[in-house]
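The values are calculated or read from the model by the stated rules, or taken from the named source; none is laboratory data. These figures come from a predicted structure and were not determined experimentally. A quick note on method: Cβ atoms are made from the backbone with ideal geometry, for glycine too, and the neighbour counts reach across all protein chains shown. Quick note on the areas: whole protein, heavy atoms, side chains included, nothing else; ligands and nucleic acids left out. Shrake-Rupley method; radii C 1.70, N 1.55, O 1.52, S 1.80 Å.
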Amino acid sequence: MLEYTTIINNDYHYVINSIVQNFPCISIILSFLSGIFCAALKSKGAKKLCFFNLTVGFALSLATLIYCLKVGDYYIYMMGHFPAPFGNEIRVGVLEALMATSFTLVMMLSLMGGLKHIYHDVLPDKQEYYFLMMTLLYTSLIALIYTNDLFTAYVFVEINTLTACAIVMLKHSKETLVATARYLMMSLLGSGLFLIGISILYDITGHLLMSNIKEGVQNLVATGRYTFPLEMIICLFAIGLGIKSALYPFHSWLPDAHGQSTSASSAVLSGLVLKGYIILLIKLVYRVFGFNVINNSKVLNILFVFGILAMTIGSIKAINERDLKKMIAYSSVAQIGYIYMGIGLGNELGMVAACLQILVHAFTKPMLFNTAGAFMDTANGSRKFKDLKGAARKNMYAGIAFAVGAFSMIGIPLFGGFVVKYNLAIAALNNPSKAVIALLALIISTVLNAIYYVPALMVLFKKDDSTKKIVVIPDKKDLGFIISNGIFIICNFILGIMSSYFIKLIIDGLKVFS
Amino acid sequence: MVSRLFTNYYETVSIIIFGIGFVTLLLNRNIIKKIIGFNFMDTAIYLFLASKGYITGRIAPILLEKLGDTNLAGYQAGTAVPNVQNYINPVPSGLVLTGIVVSVSFTAFFLALAVRLYREYKTLDMHEIISIMNREENKE
């Protein structure tokens, strides 16, 4: 005990000298408390508390981000005052603060944009539970981003899964039950693999804190012991988190879960929930195993191949889809493929592009799902393209937002999606063995993206000649929807035009990440 | 290689049970059997963790004022045992406890879902439920 205390006294990363350094911990605890209180309130009060919590969370994470940028280094915050190998701790750097800030913003905007549909789709006596689940989902996401302990990460992965399934199920319909059952089943398989991976890793290293595990793993690799279990563990983690983040061969649950749920749920699920697991995977790569160990194992090649398959086959499935929300959901599969391809390239630039894609996709997909919900209002809730003819003309705000999102996903310059593809291409050129395949996949996937987004836009903006009566008249003055989409559009342009600033942030963040 | 499997028989058994649970959860058509498979899978992990934390001949890490008549080597009855060397590793037990909480809540959630699915579709067969759902979707 004594020697560890001296280590900590000598490590300046443990020094807490600013009140801002408490903010990540405060935001996690605050969200937990608000979640508990949401259960006791009525629907209106729960909504207010949820938004209050998100606003405070946003302010706190923004302050943390500014502090981290000023200091330019990470710091470690002890949860419970037990020193390193025993206690639990959170670790905050530029990348974590950046992700937490943008995730909070996206969460707030998605809820704001889909609020009308939440009141429409969720039974009145269950609406407070919806906000309860959203608050807990938010807690688990930021805790996943900040934590430095592998088992805590597992617990929050499980909370994330449970709440994500619950927000799918809370839409009152028969189909969501089936979608939830499939989602839950696949998620449980993924978390089972993840948990057994943690158990074996604990077995051979004897630690649960990520930094300590890394020491143990590097030691094992240097002495050449336990090479087979180590590779097994890396595979278990990659497949477990791959299932949960809908990597291509394990994506079968995604279109149903994202397509059937209410628009705010779909927005949060595809924008944030999938990303939480990927951030955990990046953390595992950098902080638990070390980049060299992962690079020497073959798992990056597997992720690379799966990523490329996701990019192409996800898009082909989207082309065949006649259902607007399911098409956007399949597009998510393809976009997740980009992230995994970036990770699979196995160099620093690929990882930067992957992190950038996490941000861009988080700011684009929720907008697409929310606008899809608005289009469905013009067609009596139908999601089929044949009923949605001319929907964008009936709701012009949604039309503009959908067009921006679609252009970003296709990868037209000035939009976020283009920057990601550009950076992925540069990263691919730096890895000669994978360059040709990666570039080909990028080209094919871009063409395929255009093949399904452009016709969708054409259908939505076509003049509707039929004299079908609209029963549910779209609420054009839905202020929350307009504001949220406005901010989403602005964020998309910021990510597209000022991308060099964000890339610098991510590079700085990754430097202090390991 | 094979002899190692017998030396570490706890791990072997737990991985086999994990595999049984995993396949049941993935492939079985009945939702209740799926839930049972999930519980098999998690229990196997607890067995693995518990066997990893156990050290032969040591006792649970509870600070005893009086040892009673347990016959630990080197310790007489009636003396306090503050020494770390007498205890098993308590961390895996803590992990198992957390894991049990997680798996119980998931089981409850899954069972509630099964009840609602049965109420809507009058069957617990996942394939049948999906085919009923597709039929209803095509009818519209």
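Below is a table of values for the structure above.
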item	result
Some residue of segment A:120-130 being hydrophobic (A, V, I, L, M, F, W, C) and closer than 27 Å to A:Phe488 by Cβ	yes
Residue satisfying condition, being aliphatic (A, V, I, L, M) and modelled with pLDDT under 90, within set A:Leu115, A:Leu141, A:Leu109, A:Leu136	A:Leu115
Among residues of segment A:456-499, those that are loosely packed, with under 13 Cβ neighbours inside 10 Å, modelled with pLDDT under 90 and in a helix (DSSP H, G or I), counted	2
Test result for A:Lys48, loosely packed, with under 12 Cβ neighbours inside 10 Å, at pLDDT 80 or above and assigned to a helix (DSSP H, G or I)	no
Residue selected from segment A:308-339 under the condition of a type in the set (Ser, Thr, Tyr) and buried (at least 24 other Cβ atoms within 10 Å of the Cβ), by the criterion farthest from the chain's Cα centre (by Cα)	A:Ser315
Segment A:203-239: number of residues that are within 24 Å of B:Asn89 (Cα to Cα) and of a type in the set (Val, Ile, Thr)	5
Per-region count, segment A:99-130, residues outside any helix (DSSP H, G or I) and under 16 Å from A:Thr163 (Cα atoms)	1
Matching residues in segment A:201-225 - criterion: being open to solvent by 10 Å² or more (accessible area, probe 1.4 Å) and either within 8 Å of chain B (Cβ to nearest Cβ) or within 23 Å of the chain's Cα centre (by Cα) (or both)	A:Tyr202, A:Asp203, A:Leu208
Search result, residues across segment A:343-371 that are open to solvent by less than 10 Å² (accessible area, probe 1.4 Å), more than 15 Å from the chain's Cα centre (by Cα) and not hydrophobic (A, V, I, L, M, F, W, C)	A:Gly344, A:Gly350, A:Asn370, A:Thr371
Enumeration of residues in segment B:119-129 that are facing another protein chain (nearest Cβ under 10 Å) and either surrounded by fewer than 16 Cβ atoms within 10 Å (Cβ to Cβ) or in contact with a Lys or Arg (Cβ under 8 Å, 6 or more places away or on another chain) (or both)	B:Arg119, B:Glu120, B:Tyr121, B:Met126
Tally, over segment B:36-47, of residues that are open to solvent by 10 Å² or more (accessible area, probe 1.4 Å) and either among the hydrophobic types (A, V, I, L, M, F, W, C) or facing chain A (nearest Cβ under 7 Å) (or both)	3
Answer residue from segment A:64-91, given it is assigned to a helix (DSSP H, G or I) and among the hydroxyl-bearing types (Ser, Thr, Tyr) and is least open to solvent (accessible area, probe 1.4 Å) among those	A:Thr64
Segment A:202-229, residues that are free of Cβ contacts under 8 Å to residues at least 60 places away in the same chain, within 20 Å of A:Met78 (Cα to Cα) and assigned to a helix (DSSP H, G or I)	A:Glu215
Among the candidates A:Leu188, A:Leu193, residue that is over 16 Å from the mean Cα position of the chain (by Cα) and open to solvent by 10 Å² or more (accessible area, probe 1.4 Å)	A:Leu193
Helices (runs of 4 or more DSSP H) fully within segment A:230-326 counting 1 or more residues that are more than 23 Å from A:Phe369 (Cα to Cα)	A:274-283, A:291-296, A:299-320
Scope segment A:380-403; condition among the hydrophobic types (A, V, I, L, M, F, W, C) and out of contact with any Ser or Thr (no Cβ under 8 Å at 6 or more places or on another chain); matching residues	A:Phe385, A:Ala392, A:Met396, A:Ile400, A:Ala403
Number of the exception - A:Lys171 against (1) more than 24 Å from B:Val23 (Cα to Cα); (2) out of contact with any Leu (no Cβ under 9 Å at 6 or more places or on another chain); (3) open to solvent by less than 10 Å² (accessible area, probe 1.4 Å)	(3)
Tabulated pairs, segment A:175-192, first touching a residue at least 40 places away in the same chain (Cβ under 8 Å) and more than 8 Å from chain B (Cβ to nearest Cβ), second surrounded by fewer than 22 Cβ atoms within 10 Å (Cβ to Cβ) and in a helix (DSSP H, G or I), C-beta under 7 angstrom, 6+ apart or interchain	A:Met186/A:Phe250
Subset of segment A:142-157 [open to solvent by less than 10 Å² (accessible area, probe 1.4 Å) and within 9 Å of chain B (Cβ to nearest Cβ)]	A:Tyr154
